[in-house]
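Structure first, commentary second.
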Amino acid sequence: MAKSSKASKAKTAKKAPAASAKPSAASDPAIAATPTLVSSQAQGKADSGQPEKQGPVLDWMNKTRQWGVRVKPGKAGLRLGDLNVGIYGEIPMQWSDQSRNPRGAVPRKGMPPVGYAVREKVGMWADSAADLYEEAIQRRWAPATDVPWNTVEKLPSDIERAICQVCTELSQFANVEIETIAGWQHQMVYGYHEVKQYLATASFDAARHYECFRKRALVNGGGLGVEGPGQVNRMILESSGGWSATVAYLVLVRAVFTMTILKYLARHAYNDAERFIYEHVLQDKARLLTYGLDHLHFAVAHDDEQPAVLATVLAIGDRVLTRDLRDPALREALAIIFGRGIRGARRQGMEMYEEMMADFMQTHLGYCRWLGIARAPAEAMPPPLNRHAGASVAA
Amino acid sequence: MSEAVDTSGEHELDLSWMDQKGPWDTKAEESRYGLTLADIQIGEYGETPDVSDNLTGRPRGSAPRPGSYRIGNYAVRTKNEIWLDNASFLYEEALQRQWSSATDVPWHTIEPLPDDIEQAECQLATFFTEVEFVAGDVPARWVSETTPDFFEARQVLLAQVMDESRHMDVFRKRAMANGGGLMQATGATSGFVGSIDLSRDFTEMSSRLHLSGEGAVLTMFRMGELMAQNEAEKAMYRLCAQDEARHVAFGVMHMRYMSAAAPERREEIHCYLDEAEGQIVSGVGNPAARGGPVGESLAILLGGGKDKFDEGMNMLTAIRRRQFREYKKRIVSAGFGERFENGRSRLMEMFEEAA
Ligand SMILES: [Fe+2]
Ligand SMILES: [Fe+2]
């Protein structure tokens, strides 16, 4: 085993308050790093910084499954989806490899598994993922500098309180989205990297949403309100048995609900900053909706059991959602915003809220129909969803 | 003046929620760089608890509901386990410096290369495509297990996940852009004990990922000019280096905070650094390690061909020296510099031998 130099030993004797001089990992085979990266030739000779004399081995050369690929950039640059040519575009239904072997590369044998729970294409795939990934990057924005914060002006106290409540709950929605996506992403195999990459943009979007609603709440003489009731939050986080069921809750229920709220908020924004936030978050959420619909469509098309499973999942979801809806905070805060104050909330505000909820329910049910997921008739749904599902929506 | 108000058809409101709120009269103001995360760390909203009791996922500073469910299940609830002082800055910078591998890399500057160089480039790109997203998967998992009371740190990690996604992607693009393709994976980030994936403590993970792995990669990306054969590759390395510098900064700043806030963990962290240094030297996660597919590819790229392999190897040795130097600087900055004084670290000894 190599020893420390005399000079450094002398120093050790004088001052070694916290870190005692121990053999370093580099010199101690018992704690040396696991040899996986370097070839057998390099192992054991790697701890010298000096040039080695022997020549290259080059046994890695010519190891490829397909050579001669030349993907050219198009009008929108060189996009992720453009790379799916030849064997690199072959996306099998199962991906049993539990390493980070890139799809199309020559795998390396004998590697211990990283451990992925989602290993089937049907469990995560969406054809649009690669495009959504590139779109997310092109349409990036920064709350700090892109939102015209200087347009936020003092508002009547009831309206400010209402906006702050809505921002508190939307920020908490974003938190659940972050924790859910981040909690699933590492469980997904490498073979479907487009989805992992898209989800990286989605959790980053959610981080921005978490941030911009918090900023809005803290910028105009208000503050945060009371946390949301959290029944749907719990449902999304608890649905850990399969990503498709999580997507049903995260996208088909929560994202459609959030997007409907944002659409109505954008119509009732009090300044350009709010309008900017609502519209941009809506734009980001539209990508999540596209991914979710696309994935569920794929899952339903390739798994006969899936429509019935999702029907059950969503029927449970209806009951959980109604519990959240019983809480007055979000409903009344939205009504105050729509009605331009408490007074207006009692009539126009609540009418607008009712219209919004009908819009939400019918959008949601429309997607379910498109996906072929059976849903209870409006009259059989728990209140108030029965009312919203049965109402007519203004165009 | 009074007016008759028609109250028929009016909804009854509860409004009791209006009194449940966090600190009020908060008015964050924009600074030079817009309304940043630092600008909203005001009053109680800027206070982070040493230990978080927030198990419902409520936004920090909002009023709690007594009946809320404990759905958080957060493994990281102690501030010093994940905190760093400049998280807001790193996050805002990440937002400002996002780039697109589709449009910000001048792909048209790539022209056919000699076969040995193209193969070396593709082997290197295969390696990066393979390993880059360990730095996406792993921080994502930790984000999902960290209380939102420490959201500033989580935001930086989410930006990192995004960055790594782009890194994985830009190297895959490079492998397929010039008549080559992917080559053989290395298995560098498999599930072996001691790997970044399997760390069971955030700080240990950060020492393996941010300080050892990404630190080594950052030096390499910074030397991209030497490896690059065209403007596209130069851009690729430059843009990746910019991102990687933030990831490494996270690790350094976290260690610094940890060191000050939890001195009882210093010896433990030195043990992590012992291992991290072993990884830098012996090659796990360090593409500049001598030999093997990646080291040999680098020697070919640096030298300018298979026939200039020895020149390339000498340049690689210089890069390794620089890796050691930069690593040492970071560890000193993180507050663990004594290991270079008391003989615990052999890194500089090896550097001096090589010099
Ligand atoms: Fe990276
Ligand atoms: Fe990184």
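The values are calculated or read from the model by the stated rules, or taken from the named source; none is laboratory data. Bear in mind that the values here come from a model prediction, so they are computed numbers and not experimental data. Reconstructed Cβ throughout: ideal geometry from the backbone, glycine too, with neighbour counts over all protein chains shown.
Computed quantities for the displayed model
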read-out: Positions within region A:103-126 being out of contact with any Phe, Trp or Tyr (no Cβ under 7 Å at 6 or more places or on another chain) and assigned to a loop (DSSP other than H, G, I, E, B), in sequence order; value: A:Ala105, A:Pro107, A:Arg108, A:Lys109, A:Gly110, A:Met111, A:Pro113, A:Val114, A:Gly115, A:Tyr116, A:Ala117
read-out: Qualifying residue in region B:30-39 (condition: under 14 Å from A:Arg214 (Cβ atoms), in contact with a Gly (Cβ under 6 Å, 6 or more places away or on another chain) and within 8 Å of another protein chain (Cβ to nearest Cβ)); value: no
read-out: Selected residue (only one of A:Ser157, A:Ser128 is more than 9 Å from chain B (Cβ to nearest Cβ) and free of Cβ contacts under 8 Å to residues at least 24 places away in the same chain); value: A:Ser157
read-out: Residue match in region B:82-104 (condition: more than 9 Å from chain A (Cβ to nearest Cβ), outside any helix (DSSP H, G or I) and either free of Cβ contacts under 8 Å to residues at least 24 places away in the same chain or of a type in the set (Lys, Arg) (or both)); value: yes
read-out: Conditions (1) touching a residue at least 60 places away in the same chain (Cβ under 8 Å); (2) within 7 Å of another protein chain (Cβ to nearest Cβ); number of the one not met by B:Met176; value: (1)
read-out: Residue count, region B:203-254 (criterion: within 14 Å of chain A (Cβ to nearest Cβ) and either more than 16 Å from ligand 2 (Cβ to nearest atom) or surrounded by fewer than 19 Cβ atoms within 10 Å (Cβ to Cβ) (or both)); value: 6
read-out: Candidates B:Glu121, B:Glu152, B:Glu132, filtered to the one that is within 16 Å of ligand 2 (Cβ to nearest atom), among the acidic types (Asp, Glu) and buried (at least 24 other Cβ atoms within 10 Å of the Cβ); value: B:Glu132
read-out: Positions within region B:315-349 being small (Gly, Ala, Ser) and under 16 Å from B:Arg256 (Cβ atoms), in sequence order; value: B:Ser333, B:Ala334, B:Gly335, B:Gly337
read-out: Of the criteria (1) more than 30 Å from B:Arg174 (Cα to Cα); (2) without any contact (Cβ under 8 Å) to a residue 12 or more places away in the chain, which one B:Asp115 fails; value: (1)
read-out: Members of region B:160-197 found to be within 19 Å of B:Pro139 (Cβ to Cβ) and among the charged types (D, E, K, R), listed by number; value: B:Asp163, B:Glu164, B:Arg166, B:Asp169, B:Asp197
read-out: Residue match in region B:164-182 (condition: at pLDDT below 95, farther than 20 Å from B:Asp274 by Cβ, within 16 Å of ligand 1 (Cβ to nearest atom) and not aromatic (Phe, Trp, Tyr)); value: no
read-out: Residue match in region A:213-223 (condition: in a helix (DSSP H, G or I), within 21 Å of A:Arg254 (Cα to Cα) and more than 9 Å from every other protein chain (Cβ to nearest Cβ)); value: no
